[in-house]
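Each remark here refers to the structure printed beneath this line.
The values are calculated or read from the model by the stated rules, or taken from the named source; none is laboratory data. Fair warning: this is a prediction, and the values are worked out from it, not measured in the lab. Glycine gets a Cβ as well: all are built from the backbone with ideal geometry, and neighbour counts include every protein chain shown.
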Amino acid sequence: MRGSKPAQPGHEDAAAPTAALASTIAGFLAVSSVHLTAQLVGPRWAADLTQVLLMPLLAAALLWATVAPRGRLVLLMLVGLGFSWLGDSVPRLLEGDTGFLAMLGGFLIAQVLYAVAFWPFRRRSLLRRPAVALLYLAVAAAIVALCAPGAGALLPAVVVYAVAIALMAVLATGLGVVAGIGAAVFVLSDALIALNAFGVLTLPGHGFWVMLTYLGAQTMLVRAVHREASSGGCGGLSACGRPRDPRGPARVRGAWPPSRRGPAPPRRR
């Protein structure tokens, strides 16, 4: 048409990932809402079905929000979300202590991956303030002490997990306030699971609170990772692993807006 502006090269290519990102985030929020509602009022099958969709949707959002080649921070976060999904899903196929250990194993690997991902930010984290960092270890020790009488043979595994998540939470503070809060909420979510599983504390609507804190924690961590990757962070490394590009920060597809599991003990549902 006369007078119309020609399409700018690349606009169509940029629009597709942006639309996919928006759709993925909308899907994650919708599935999260259905899941949390099902945790409160049922049906149980809806909570179970939606739970296994949550982490894949969150990982897909991070994928759509970034571009290849993705740096170590984003890649480790994605793999950690994958093991979180295994921790959410595999225990459903198992019973008793075996199911609990499967959940613990999946999330233990996730916490280790997150800690490794956040390690380059340690000079910005609470590791520089040992007195404050020790508070995280003290909280983890207190939770373990409360759970110890009911943990039995599972106690060593609980101790290892508590140390891992405390370290992850301290290192996460190096990515800023959002990641620091997200990691602290993750500790709270896992504490609720452990306290319920070992007969210490069960809240009204316990599964709802476990899942609400879990989803909030993972979302905040993903948001912080996306923001750090988009700014070319990691202490002089662009996108966490490549030399910083003098032309500017690492490219991202779009702004990811700030936006687990509930027990039928000992599982996260």
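Listing for the model above:
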{"item": "Arg72 vs. criteria of a type outside the set (A, V, I, L, M), farther than 22 Å from Met211 by Cα and surrounded by fewer than 16 Cβ atoms within 10 Å (Cβ to Cβ)", "result": "no"}
{"item": "Residues that are buried (at least 20 other Cβ atoms within 10 Å of the Cβ) and more than 21 Å from Phe121 (Cα to Cα), drawn from region 75-88", "result": "Phe83, Ser84, Trp85, Gly87, Asp88"}
{"item": "Among the residues listed as Val31, Val41, the single one being out of contact with any Asp or Glu (no Cβ under 6 Å at 6 or more places or on another chain) and at pLDDT 95 or above", "result": "Val31"}
{"item": "Residue count for region 112-133, restricted to those that are assigned to a helix (DSSP H, G or I) and either loosely packed, with under 14 Cβ neighbours inside 10 Å or small (Gly, Ala, Ser) (or both)", "result": "8"}
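Quick grid of which residues meet (1) at pLDDT 95 or above; (2) buried (at least 22 other Cβ atoms within 10 Å of the Cβ):
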{"position": "Leu53", "(1), (2)": "yes, no"}
{"position": "Ala68", "(1), (2)": "no, no"}
{"position": "Ala110", "(1), (2)": "yes, yes"}
{"position": "Val144", "(1), (2)": "yes, no"}
{"position": "Ala151", "(1), (2)": "no, no"}
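Residue-wise test of (1) β-branched (Val, Ile, Thr); (2) at pLDDT 95 or above; (3) out of contact with any helix residue (DSSP H, G or I) (no Cβ under 9 Å at 6 or more places or on another chain); (4) surrounded by 12 or more Cβ atoms within 10 Å (Cβ to Cβ).
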{"residue": "Met1", "(1), (2), (3), (4)": "no, no, yes, no"}
{"residue": "Lys5", "(1), (2), (3), (4)": "no, no, yes, no"}
{"residue": "Pro9", "(1), (2), (3), (4)": "no, no, yes, no"}
{"residue": "Thr18", "(1), (2), (3), (4)": "yes, no, no, yes"}
{"residue": "His35", "(1), (2), (3), (4)": "no, yes, no, yes"}
